[in-house]
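Below is one structure; the comments refer to it alone.
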Amino acid sequence: MKIIAPELQINDDTGFDPAIDIFKRSEFGGRLANLIENAGGNPVIALDAGWGQGKSTFIKMWRGYLSSHRDSKIQSVYFDAFENDYQKDPFLALASEMYQLISEDDEDKQIEFKDKAVKAGKSLVRGALKLTVRTVTAGLIDGSAIDAAEKDLSNLIADQVDDLVKDRFEHAQKDKKALKAFKEHLSKFAADQGNGKPIIFIIDELDRCRPDFALELLEQVKHLFSVRGITFLLVTNRVQLEQSIKAKYGDIDPVNYLHKFINVWLTMPRTAEKYNDNGSHYLQYALRSILSDGDYKNNKSIRDTLDDIVKYYQPSFREIERMISYFAILNNMIGQSEYVEEYQLMIAMACYLKACKPNALKLTHGKLSYQRIAEEANFDDIVKSGEYSSLEYITRFVRYDFVDQQEKQKMIQDKEIHLSRFGRISEDGILFSINKWLTEVAI
């Protein structure tokens with residue numbers, strides 16, 4: 001059995017192929033394209049979705065839809081912010097992505113674009129220079145030595161600071177003109193390249209970047225790249241992005257800060273409304289991708305239990321993938337043991353806890369804590385809701401795993417538990433053994 005669900009194979013022209021659009025988001029993709037095409041101007045739009053909700057997968061299919069499956073044939077540029085956050089300044093990285101739209105045969109356009117971008121880049125670098133001792137001494141003197149040598153260096157530093165100030169002053173107007181020339185050229189470039197349709201510049205993984213890089217990128221998008229004919233689509237987790245703002249600026253309202261740069265916030269649906277199964281559809285798809293037909297049929301009990309867990313707890317799609325990987329690991333380790341069928345309910349709960357609530361399975365003095373597990377997994381709420389009888393039964397299974405032999409017998413007699421052999425794997429309990437196996441091959 002495979003232990004990792006294979007990634008969806010999405011080509012440049014795939015679009016929302018029904019065979020792989022398992023989240024049924026084609027309708028949302030069409031509405032998003034209509035919004036951008038008819039918005040006019042140069043809006044900055046943010047697409048918000050939580051961690052592991054399939055943002056990047058959606059964007060890959062959407063780009064194919066724009067270029068191959070839509071009558072208007074909108075051009076798009078894709079920029080992975082996380083892959084580029086090792087750079088100190090995002091300007092040239094953004095400009096180079098736009099440059100890729102120019103045909104290789106149009107050498108004149110390439111030269112002109114590159115010339116404008118390089119001049120603007122130099123202006124930005126010059127404007128970012130800091131008048132510090134480390135700067136004027138080319139980094140040859142570190143901070144600890146500066147205090148001791150301050151008097152001896154004061155005249156030298158003053159002279160070099162004067163030179164830097166004069167240089168910046170002399171270039172100030174040239175730098176402004178270079179930046180203005182770049183924006184004007186970019187606007188003309190967008191009009192020519194887009195043929196009357198907006199060019200969509202997609203910035204993905206913004207929430208995963210270093211806070212400094214993410215915020216600098218936002219500022220440059222707004223001030224240098226925001227021209228008519230280019231619509232920016234920022235794909236991000238809003239909560240995480242707001243945390244980056246707090247990390248950079250401290251006590252500041254991140255909502256108001258983002259309003260300076262972003263015109264419209266959209267929330268990507270977890271799945272289309274008529275398919276709103278809280279991840280169940282994706283669970284079954286992923287299980288089929290790792291199980292043979294025979295194993296899929298033979299594991300109906302755990303499939304149904306995992307399905308109830310997904311519907312109740314609503315984990316992210318990435319967390320569902322991890323749950324399934326843990327299930328596959330256990331299945332491969334245990335094989336066709338007599339315990340597999342009997343303890344599938346406990347295996348399902350262990351996979352959920354390991355993937356989504358790992359703190360619940362932390363050992364205290366070498367033991368698991370039932371109280372911690374019950375709190376992390378909201379056992380009280382499950383019992384009170386009465387909506388998922390299979391999950392309520394699992395809560396009894398878990399409690400049975402922790403009580404003494406006398407209480408176990410009582411639970412069997414009271415028909416709270418139907419399996420008389422439950423608990424024979426380990427003296428420390430079934431859940432303890434399952435957790436131990438998973439810990440040995442943690443992923």
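Restricting segment 316-418 to GluC sites (Glu not before Pro) that sit in a DSSP loop and have at most 12 other Cβ atoms within 10 Å of their own Cβ leaves GLU338, GLU387. Note on segment 277-440: Kirkwood radius taken over Cα pairs, Stokes-Einstein applied at 37 °C and 0.692 mPa s, translational D equal to 204 µm² s⁻¹. Structure shown: which of LYS60/LYS362; LYS60/LYS222; LYS114/LYS174; LYS188/LYS222 lie over 27 Å apart, alpha-carbon to alpha-carbon? Cα-Cα > 27 Å for LYS60/LYS362; rest within.
Every read-out reported here was derived from the displayed coordinates using simple, explicitly stated rules and does not represent laboratory data. What you are looking at is a predicted structure, and each value in this text was computed from that prediction instead of being measured. Cβ sites come from the backbone with ideal geometry, for glycine too, and all protein chains shown count toward neighbours.
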